[in-house]
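Asker: This is the structure I want to talk about, given as structure tokens.
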């Protein structure tokens, strides 16, 4: 049997589709988060560099204030020394702030130059201008003030270099931030579109893998409801829908079998009524013919010329009488009874008579018995059970004219309540589908001298007690007939 491709269950497919979609959206969110994080880092960098620019501007302002207070000291006296020291403290404080944002060698060089210039400016003021102002040396104070102006210009120049470097870095950061922003929108949009398309494709494929089989089952259900019982669902895996298809096929098979059984029952009922009338009408005249023929045959000498003709009349009349008896048995409904029989016991009894059922020149088959212990007991007349088993065994033997193996098994089955199961297997010629579907039809036979009523009678007996007959056969591979009969739950209660 070829391997059936394994498909994941519907729940697994839905979960897989949801997982893939979720992963796609999470990936898009992670990428967006990384870009936004870099964008945030650039914004923080810009803000800090802005603080550095503001600190540099404050340093320049403080340097100018120091120069201005030096001029006031020269002009107005030492009252502005305190203001000069305050400006000096502001400049140092802002220089420390700016130093926290310095990152390049040029910035460090500019900041170091400013520090040296501030120290030089303070030295000029404390060691030169203040003593000259106290002693009234005007020419010295003017010369020192000009020198201080040169130092202040150097401070402003270094400060401008620092500010320009900060602004260049701010520009780079702003450019990078703009690039990151564009990348965020572009990549996020691309990822979100890809995630949406992927999710849509997954949803479509998943829905298709679910809705198409369901739609197919709906179509098949409509066809079956319209009476087409030959339709079957395709089974392509082991998921829930495949199991549903298997059960659908099993259900349709059971419906087809029940329909055949119903048609068979209706046909047998009609033929039974006809057979009862025919048997009643021909049984009496046939008995008279058979009686006279036997009497005349007994009165003839062995060398009488008409003895062979009379013998043929007797044989054919007996064959007709057997057909009439079969018709009567076929037409007689199976009555309910309180009698119970051990199925294995009756099977063993009938199996002992196999040699008597073999028609020369056929060879007797090899018998294989498999009888359950304890044996299931069936509530039916022993006479009918014997007739059922004998007909089935005879039919199996006739299918093996050159001998073979005849297997008979008896077992109990409690899947749907207590049941007795009888299986009769032969290694004969088997049957094709058409023959299998017709073997329980009255008067259908493939035997040269068969009446075509044996299996029809068996079917009627089984159906009458509420049982079931199943046939498995193939040309050249033999036949297995399985009879399922109702059984009592307690063998001791039934037989005892």
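Asker: To one decimal place, what Kirkwood hydrodynamic radius in Å is obtained for the range 10-208 from all pairs of distinct Cα atoms? Could you put the intermediate results ahead of the total?
Answerer: Numbers: mean 1/r = 0.0476 Å⁻¹.
For the range 10-208, inverting the mean 1/r across all distinct Cα pairs yields 21.0 Å.
Asker: Based on the mean of other Cβ atoms within 10 Å per residue, sort peptides 58-66, 283-291, 472-480 so the most packed one is first. Kindly include the intermediate steps, with their values, before the conclusion.
Answerer: Numbers: 58-66: 20.9, 283-291: 13.3, 472-480: 15.7.
The densest-packed peptide leads the list: 58-66, 472-480, 283-291.
Asker: Could I ask something else about it? Which value in Å does the Kirkwood hydrodynamic radius of the range 66-155 take, with 1/r averaged over all unlike C-alpha pairs and then inverted? Provide the component values of the computation, followed by the final result.
Answerer: Values: mean 1/r = 0.0731 Å⁻¹.
One over the average 1/r among Cα pairs gives 13.7 Å for the range 66-155.
Asker: Would you calculate the volume per residue, in Å³, of the smallest convex hull containing every Cα atom of the range 337-421? Show your work: numbers first, answer last.
Answerer: Details: hull volume 8.0 nm³, N = 85.
Cα convex hull per residue, to the nearest whole number: 94 Å³.
Asker: Order of 440, 18 from fewest to most other C-beta atoms within 10 Å?
Answerer: On the way: 440 22, 18 14.
Going from least to most buried by this count: 18, 440.
Asker: So if the hydrodynamic radius of the range 336-495 is defined as the Kirkwood radius over C-alpha pairs, what does Stokes-Einstein give as its diffusion coefficient at 20 °C and 1.002 mPa s, in µm² per second? Before the final figure, lay out each step's value.
Answerer: Working: Rh = 15.9 Å.
The estimated diffusion coefficient comes to 134 µm²/s.
Asker: Quickly work out the residue 26-to-residue 75 label distance, labels modelled 7 Å from Cα along the C-beta direction, and quote it in nm with one decimal.
Answerer: Label-label distance for residue 75 and residue 26, simple model: 7.3 nm.
Asker: A follow-up question, please. Determine the gain in length on full extension of the stretch residue 368-residue 47; use 0.36 nm per residue of separation and subtract their C-alpha separation, reporting nm with one decimal. It would help to have the intermediate numbers written out before the result.
Answerer: Values: separation 321, 0.36 × 321 = 115.56 nm, distance 9.87 nm.
Taking residue 368 through residue 47 to full extension adds about 105.7 nm, to one decimal.
Asker: If contacts are Cα pairs under 8 angstrom and at least 6 residues apart, what is the relative contact order of the range 336-495 in percent? Walk me through the numbers before you get to the answer.
Answerer: Values: 318 pairs, mean separation 40.9, N = 160.
In percent, rounded to a whole number, it is 26.
Asker: Could I ask something else about it? Using only Cα atoms, locate the centre of the range 472-486 and the centre of the range 48-67, then give the distance between them in Å, rounded to an integer.
Answerer: Centre-to-centre distance over Cα atoms comes out at 107 Å.
Asker: Can you sort 292, 67 by how many other beta carbons sit within 10 Å, fewest first?
Answerer: Values: 292 14, 67 21.
Least to most surrounded, the residues fall as 292, 67.
Asker: What does a probe at residue 260 reach in the range 396-425, counting residues whose amide N is under 19 Å from the point 7 Å along Cα→Cβ?
Answerer: The answer is 396, 422-425, whose backbone nitrogens lie closer than 19 Å to the label point.
Asker: Something else about it: Using the basic label-point model (7 angstrom from Cα toward the beta carbon), what is the residue 83 to residue 100 distance in nanometres?
Answerer: Here the answer is 3.0 nm between the modelled labels.
Bear in mind that the values in this text are calculations on the coordinates, not laboratory data. What you see is a predicted model; the values in this text were computed from it and never measured. Methodologically, a virtual Cβ is constructed for each residue, glycine included, from the backbone with ideal geometry; neighbour enumeration extends over all protein chains shown.
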